[in-house]
Amino acid sequence: MSLAHTAAEYMLSDALLPDHRGSRLKGLRLELPLDQIVKFVAVGFPLLLMSLAFAQEFSSGSPISCFSPSNFSVRQAAFVDSSCWDSLIHHEQDEAGQYKIKPLWPHKALPYSLMALAVAMYLPVLLWQYTAVPALSSDLLFIISELDKSYNRSIRLVQHMLKIRQKSSDPHVFWDELEKARKERYFEFPLLERYLACKQRSHSLVAIYLLRNSLLLLFTSATYLYLGHFHLDIFFQKEFSCSIKTELLQDETYVPDLITCRLTSLSIFQIVSLSIVVVYTLLVPLIIYNLTRLCRWDKRLLSIYEMLPAFDLLSRKMLGCPINDLNVILLFLRANISELISFSWLSVLCVLKDTTTQKHNIDTVVDFMTLLAGLEPSKPKHLTQRVCDEHL
C-alpha cells in the first residue's frame, strides 16, 4: 500500500501548477483579436493611402496641367498652373449665361483628410486604453491568479485528505469527517465567485466597450457622408475652367477669361475614395459582430471551471442579462486562455469525468482527484451498510 500511496502523492504533486507567473502575465492581451484587426485596418489603411498620395504628388510634380495660351512664356505658364492649383475653383456657365463656381478643394485636401480620418479612428482606441485598460488588466490579473490558485487549493486539499486517510486507523472517522466537511461546505473558496458575481452587477467596462464600437460606427458614417457630399460631386470631373484674372492681371486684355486645366491626379483621387468605401464597408460587419458578442454568454469557460468547488455561476443561474462587465471579462479571459494553465487541466478532467463510470459521485475536481488517488469520492457501500446495521 505504501507504494500506491507514494504513486498517488507523485500524481497529485505533478497536477499542481507552477507558481512563476510574474513575467508571463505582463503579456496579457488587453484588446480582443477582432478589435485589433479593426484598429489596424481603420487606422493603418488611411495612413497607407496618405503616404501613397504624398509620394505620387512628390514624384509626378504638379497634380494639374493647364492649357495656357501659346503667347505665354514658360514662367507665365508655370504661374497659371500654380494659381489654378491654389484656387481649385471650376467656373461653369449655366443656361442663363451666368457663371457658377464649383470648389474642387477635396483634391488638395485629400492627404490631410486621410490623416484626419486616421486620427479620428484612433480616438476610440485611446478612449479604451486610458479608461478601460487599467481596470481590465487588474481584473484579469486577479481572476487568472485566483482561478489557478483555486485549482491548486483543490489539489492540495486532496493531498491533505490522502495523508489523513493514511494516518487514520478507523475508516469510519475519516469518512464521517469528510461528509461533515461537505455538508458544512468547507471545501469551497467563495472569494472568486463573489468577485465575479460583483462584476456581473458592474457596467463600467461594457459601457466603454459599447462607446468604443459606437464611435467607430459614427466615424465610419461620417466618412461616408464626407465622401458622398464632397467627393461624389467631383468624382468624374477630369477638367475644369480656371480664372486667373485676379489682382494684377484683372485688367490685362491678353489674359483670357478662363483657362482649361486637367487634373492629372484624378485616378489617384478615385482609387483612394473607392478604397476607403470598400474597406470601411467590410469593417462595419466586424464592428457590429463585436457588439453582438455582448448579447450572449461564453458559457464554455464557465462550464469548465464548474469543476472547482463553490464555482457554480451556471448551476445557480446567476447569469442573467449578459450586458455587464462580467461578460466583457469572460471575452478577455478567452483571449488570454494561454495564461490560464488550469483551463487545460480542467478541460482534460472534464473529458475524463464524462467517461468514468461513477458520474453521479463526481461533481468537482476534488472528487475526481480523490478517485484518481485511490480514494472513493463518497463513503464506500460496505462502510455505509455497516453503520446502518449498527443503528439497527
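The values are calculated or read from the model by the stated rules, or taken from the named source; none is laboratory data. Since this is a predicted model, take the numbers as computed values, not measurements. Virtual Cβ from ideal backbone geometry, glycine too; neighbours counted across all protein chains shown. Each accessible area value is taken on the protein alone, full model and side chains, heavy atoms only, with ligands, DNA and RNA left out. Shrake-Rupley method; radii C 1.70, N 1.55, O 1.52, S 1.80 Å.
Results for (1) at pLDDT 80 or above; (2) in a helix (DSSP H, G or I); (3) closer than 14 Å to Ser154 by Cβ, shown as yes or no for each residue.
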residue: Ala310; (1), (2), (3): no, no, yes
residue: Gly320; (1), (2), (3): yes, no, no
residue: Asn327; (1), (2), (3): yes, yes, no
residue: Leu331; (1), (2), (3): yes, yes, no
residue: Ser344; (1), (2), (3): yes, yes, no
residue: Asp367; (1), (2), (3): no, yes, yes
Hey, Asp81 part of a helix (DSSP H, G or I) and loosely packed, with under 14 Cβ neighbours inside 10 Å or not: no
Residue satisfying condition, being open to solvent by less than 60 Å² (accessible area, probe 1.4 Å), modelled with pLDDT of 85 or more and either within 20 Å of Leu294 (Cβ to Cβ) or not in a helix (DSSP H, G or I) (or both), within set Ile208, Ile244: Ile208
Of all residues making up region 105-131, the number that are in contact with a Phe, Trp or Tyr (Cβ under 7 Å, 6 or more places away or on another chain) and among the aliphatic types (A, V, I, L, M): 3
